[in-house]
Amino acid sequence: MTDDTDVWKIASAADAARARAAAAGIVVAAGTPAPDRARFLTSLSARLRNCLDQGGTWELRLLTGGTEHEGRLDVRLRPFDGGTAQNEPACEPVLSCPLPNPPAPGGRAGRPTSPSRALLSADEDTAAVLRLLDEQERLVQLHREELHQTNQGVLALHSDLEAAALAQRELLEAERSARAEVERARRLLNFLADASAAITSSLSPTEVLRRLTDLLVPEYAARLDVWLFDEEQGEEEGPVQEHSRAAVVAARTGRPQHAAAHPGNLPGTDDLPPAAMSPDRPLLAIPLITHRLLGVLTLIAPGPRFDADTCLMLVELGRRAGVALDNARRYEQHRDTAEALQRAQLTELPDPDGLLLAARYLPATQGMNIGGDWYDAFLQPDGSLLAVIGDVTGHGMHAAVVMGQLRTALRAYAVEDNSPAEILTRLHRMLRHLQPQLYATAMIARFRPGDPEVVWASAGHPPAVVRDADGSVRILDDAPGVMLGIPIAFTYADHVTRLPAGSSLVLYTDGLVERRAHGIDPGIERLRQALAGLSTPELEQDLDAAAEALLKPLMHDSERDDDVCLLLCHTVTYPAS
């Protein structure tokens, strides 16, 4: 498509109207959309008014051009003077309008015949634009409404999200709180279990109280006091002390008491005014009860209050501490009775010519392992002496009683001038019928005045140790007989060993030489070495001191889980006359 130019001279408003009408005819004929036409013609009218306002004659050129399928209309305005346009540039840039259906070359299609028709045509364009504007306004309104609804939905969504986030935070906080409570409850239960095991594993009241203090102070109590009552009279043990009103009320009512400036409302606990001994911190008085009231445990809070869970744990621990103390007291009573019975049956050693005797008895320091070990030494009518050592299986009162029965029977059988082996055979028969579930070990040695030989027999007992006059040490390791009371018939045999003047014979129970971790042989070797370290003058000058010297290297630790008996026999060396 070639360019086509229309030239108009503009000197008056009528000229401007005709030129505008010509331009409108072109864009209308070309099918330019109404909005584009209105925009183009409005801009053209503004430029024409500007030219008229400046005065003079103007040249308007309408140039149509473009391609076969798409064209455009360009408008140029220049001042006109004397038949030719001035060479100065257009007063404004070229004004263009698209032509969807460009006219044929040289055509003037669409040019209106009069300004009136052009004016009507302009109104039609304006009406079309207005209709488009109305439609666009409706669309804008619809978009506004949609935007408003969207905004409301977004606001509602934000509100829902905020509510959901708040609910989630609350749930998370509740979960954290619940987890913390569960963890705290678990920690309290674990502590209660560990503390219970610690205090119930001891059978010493003093140790129970010490462990209780170590467990509770300072985490659960700033201070701890225990008020114990005398078992028989229900009165306070030890020096008279002043106690808080809460402790007195707890002792009278048997209920835990909480004393503080403000009520604690603790489960199972009564509230009282603050205690004089702790005006600033709460005080908790817990009765120690088993089958009876043992005393009161008083705790001063480590902080501003006792919480409910801790209070429940402390009350339960107090109950268990009461059981532990009651068990420890009962154990001490049984232990003291067994030890008293045991000591009452131990023999006062005789003082025969030519023979020195020394004995030691050490009760067990751990558990109820008292009773059953014994030694004996007594003279016979013919002047001979029987030295005896024995150990009844089991411990406590029953073992001490059986030990006394064996001791009495042994003395009775010895009156008939039986040998050590015959005495053990008869004891074995008696124990099988008297106590079929109880066994014993024993060893008997017979010393005759002036006889360098000793006759002995053993019923499953640890071997005796002999120190000869030259200082050498040997062990009487002949095979012993079976333990007394074993459910088989057995006849024991006598053995003979030389024990000339200046020699020593050591009888002992297994508590002296046996240790759980090492067995009995290392202990016997230590005893042998200790006996070898003694000299004859030491033995004859102070046999009791010599017995202590034997005990010292074997009993270096103060804790013993079994009784210990030692009987030391030394034949005296007389100076040559």
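If you add up the charges near Val154, with Lys and Arg at +1 and Asp and Glu at -1, over every other residue whose beta carbon is less than 13 angstrom from its beta carbon, what do you get?
Details: positive: none; negative: Glu146, Asp160, Glu162.
Net local charge, Val154 excluded: -3.
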Query raised in the report: Pairing the Cα long axis of helix 308-344 with the longest principal axis of the chain, what angle in degrees results, from 0 to 90 and rounded to the nearest 10?
Result: 10 degrees
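State the Kirkwood hydrodynamic radius of the range 7-59 in Å, one decimal place, computed from all pairs of distinct Cα atoms.
Roughly 11.4 Å, rounded to one decimal.
Take the Cβ-Cβ distance between Asn265 and Glu175 as r, set R0 to 25 Å, and report the resulting FRET efficiency rounded to the nearest 0.05.
0.40
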Query raised in the report: Which loop-located GluC sites (Glu not before Pro) does the range 175-227 contain, where loop means any DSSP state but H, G, I, E or B and the Cβ has at most 11 other Cβ atoms within 10 Å?
Result: Glu219
Requested in this report: Report, to the nearest 10°, how far helix 543-554 tilts away from the longest principal axis of the Cα atoms in the chain, using its own Cα long axis and a range of 0 to 90°.
Outcome: 20 degrees
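What do you reckon, how do Asp81, Asp376 stack up by accessible area (1.4 Å probe), largest on top? Write out the running numbers ahead of the final one.
Numbers: Asp81 105, Asp376 0 Å².
Ranked list, largest accessible area first: Asp81, Asp376.
Loop-only check: which trypsin sites (Lys or Arg not before Pro) in the range 268-327 are DSSP coil with at most 13 other Cβ within 10 angstrom? It would help to have the intermediate numbers written out before the result.
On the way: sites: Arg292, Arg305, Arg319, Arg320; in loops: Arg292, Arg305.
Loop-located and lightly packed - Arg292.
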Query raised in the report: By what distance, in whole Å, do the Cα atoms of the range 461-533 stretch along each of the three principal axes, largest value first?
Result: 42, 34, 14
Report summary line: Taking the reciprocal of mean 1/r across every pair of different Cα atoms in the chain, the Kirkwood radius in Å is 35.6 Å
Query raised in the report: Could you give the angle, 0 to 90 degrees to the nearest 10, between helix 397-415's Cα long axis and the longest principal axis of the Cα atoms of the chain?
Result: 20 degrees
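Could you do me a favour and compute the accessible area per residue for the chain, 1.4 Å probe, result in Å²? Kindly include the intermediate steps, with their values, before the conclusion.
On the way: 29690 Å² over 577 residues.
That works out to 51 Å² for each residue.
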Query raised in the report: When all protein chains stay in place, what accessible area (Å², nearest 10, 1.4 Å probe) is found for His258?
Result: 10 Å²
Query raised in the report: Using only Cα atoms, what is the ratio of the radius of gyration of the range 146-273 to 2.2 N^0.38 Å?
Result: 1.91
Report summary line: For the range 404-447, the Kirkwood Rh over every pair of distinct alpha carbons, in Å, works out to 10.8 Å
**Report entry** the chain: calculated mean residue ellipticity at 222 nm from DSSP helix runs of at least 4, using -39500 (n - 2.57)
**Finding:** -15000 deg cm²/dmol
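Just the number, please: carbon plus sulfur as a percent of the accessible area of the chain, 1.4 Å probe, no ligands or DNA/RNA counted.
Details: 15850 of 29690 Å².
That share works out to 53 percent.
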Query raised in the report: Among 296-303, 450-457, 502-509, how do they line up from the highest to the lowest mean number of other beta-carbon atoms within 10 Å?
Result: 502-509, 296-303, 450-457
Query - Principal axis box of the range 203-318, alpha-carbon based, largest edge first, Å - result: 38, 27, 25
Query raised in the report: What do you get for Rg/Rh of the range 399-557 when both radii come from the Cα atoms and Rh is the Kirkwood radius?
Result: 0.98
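The values are calculated or read from the model by the stated rules, or taken from the named source; none is laboratory data. Please read these numbers as outputs of a predicted model, since none were measured by experiment. Reconstructed Cβ throughout: ideal geometry from the backbone, glycine too, with neighbour counts over all protein chains shown. Note: accessible area is taken over every heavy atom of the protein model, side chains too, but ligands, DNA and RNA are not part of it. Shrake-Rupley method; radii C 1.70, N 1.55, O 1.52, S 1.80 Å.
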